[in-house]
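Take a look at the structure below.
Since every read-out is calculated from the coordinates, none of them should be taken as a lab result. As the structure is a prediction and not an experimental result, all values here were calculated from the model. Every residue, glycine as well, gets a Cβ built from its backbone with ideal geometry; the counts of neighbours run over all protein chains shown.
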Amino acid sequence: MCQRWRQFALLAMAVSLISFSPAAQASSYLVQIDDLTDNIELNTYLNGSLSAHASFIGEIYDDTYPIWDNSTFAPDINLALNIYDIDGTLSDTLVISNPPNGNRNYLILAFYSDTEGGPVLTALSNAESITETGDWQPVLSFDATGQDLQDHYTFQFRSDIDESQTPLPAAIWLFGTALAGAAGVGKWRRKKKIRAPIT
């Protein structure tokens, strides 16, 4: 009889643990490719908290990116971007695509950036063109299914912009024009005083 009570108590405890365990929730992943320095930084945020960080020496990342928690994505992903400086020169290229073997639990991720004195980048064919801003720019968003949940993925990149190519705001040109005008008026007044006849 005591053995049956013990079994009943263990069964009741197991049922209560199962019923009070937190339910699985869909997750939100933010993947950021950061090219503000001479290295590529790859950060993954899970529901707003940094969960993975990797730094790559040089300005190239050409590898795979795993889809977390054994999730898989359904849509075909084939993103190709030519990323230009403000002056129109090619600065970076970015490719995010399905692996050629049809596997749906990782992506091919290739980010190439221009380097000082390095080889000139070649524009990707059949790629979209965007201009870098120096801020985070979203480039891809999709859902992945894992454990009957839809996890959401967003990919962003941030690239360094050449400060010498940044256009000056209109206020600076306006201020310069006003300053030149004031100098001209001052010179005109001095000349007028010199030419005045002496009585």
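Quick notes
- When the Cα atoms of segment 38-82 are aligned to their principal axes, the ranges along those axes come out at 34, 29, 16 Å in descending order.
- Neighbour counting of Cβ atoms within 10 Å sorts the residues Glu128, Glu116, fewest neighbours leading, into Glu116, Glu128.
- Global geometry of segment 50-153, whether rounded, prolate or oblate, following the gyration tensor of its Cα atoms and the 1.5 cut on a/c: prolate
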